[in-house]
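Heads up, the thing below is written out as structure tokens.
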Amino acid sequence: MNGLLNKKCKPCEGGLNPYTSQEAQSQITQIPGWTLEDGDKTIYKIFYFKDFYQTMAFVNALAYIAHNEDHHPNLAVGYNSVKVFYSTHAIDGLSQNDFICAAKINELAT
Ligand code: H2B
């Protein structure tokens, strides 16, 4: 099982170095389908669904994870797709929290 799935996000209000590009590129191999962007400060993945109902069911389940982990994505919601972006705002870059949430969201969609 993906080790990230057993982890819980840690509260982050700064005071932590964001992942370097090298660290980010190594971490992303653990979360199939996710891509680095924005100078390796953000990860994203687009999820596709058959209709708006399925799309919103996914968004609601994702919101539950975000609340539980106290780590929140940006979302671009369409009628049959959701683009999910993760970045750790407090440090203007990526932290383990982003990869933990991405792994849990991948599980949701399988
Ligand atoms: N979500 C994201 N994506 N980045 C943050 O820096 C962040 C967050 N900070 N959710 C969290 C809340 C922070 O306020 C708590 C204390 O962990």
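The values are calculated or read from the model by the stated rules, or taken from the named source; none is laboratory data. Note that the structure is predicted; figures quoted are calculated from it, not measured. Neighbour counts are summed over all protein chains in view; Cβ atoms, including those assigned to glycine, are modelled from backbone coordinates with ideal geometry. Note: accessible area is taken over every heavy atom of the protein model, side chains too, but ligands, DNA and RNA are not part of it. Shrake-Rupley method; radii C 1.70, N 1.55, O 1.52, S 1.80 Å.
Observations
- Residues that are outside any loop (DSSP other than H, G, I, E, B) and either among the acidic types (Asp, Glu) or surrounded by fewer than 18 Cβ atoms within 10 Å (Cβ to Cβ) (or both), drawn from the stretch 35-54: 35, 36, 37, 46, 48, 52, 53, 54
- Residue check, residue 32 at pLDDT 95 or above, under 18 Å from residue 110 (Cβ atoms) and open to solvent by 40 Å² or more (accessible area, probe 1.4 Å): yes
- Some residue of the stretch 31-44 being touching a Ser or Thr at 6+ places or on another chain (Cβ under 7 Å) and more than 16 Å from the ligand (Cβ to nearest atom): no
- Candidate set: the stretch 1-57, residues that are hydrophobic (A, V, I, L, M, F, W, C) and more than 14 Å from the chain's Cα centre (by Cα); chosen: the one nearest to residue 72 (Cα to Cα): 12
- Residue in the stretch 78-90 that is at pLDDT 95 or above, away from the ligand (no atom under 16 Å from the Cβ) and among the aromatic types (Phe, Trp, Tyr) present: yes
- The set of residues from the stretch 55-110 being surrounded by fewer than 21 Cβ atoms within 10 Å (Cβ to Cβ), of a type in the set (Phe, Trp, Tyr) and closer than 23 Å to residue 12 by Cα comprises 64, 85.
- Pick from the stretch 13-29, criterion assigned to a helix (DSSP H, G or I) and polar (S, T, N, Q), ranking: nearest to residue 109 (Cα to Cα): 29
- Only residues that are surrounded by 15 or more Cβ atoms within 10 Å (Cβ to Cβ) and free of Cβ contacts under 8 Å to residues at least 60 places away in the same chain were counted in the stretch 1-22, giving 0.
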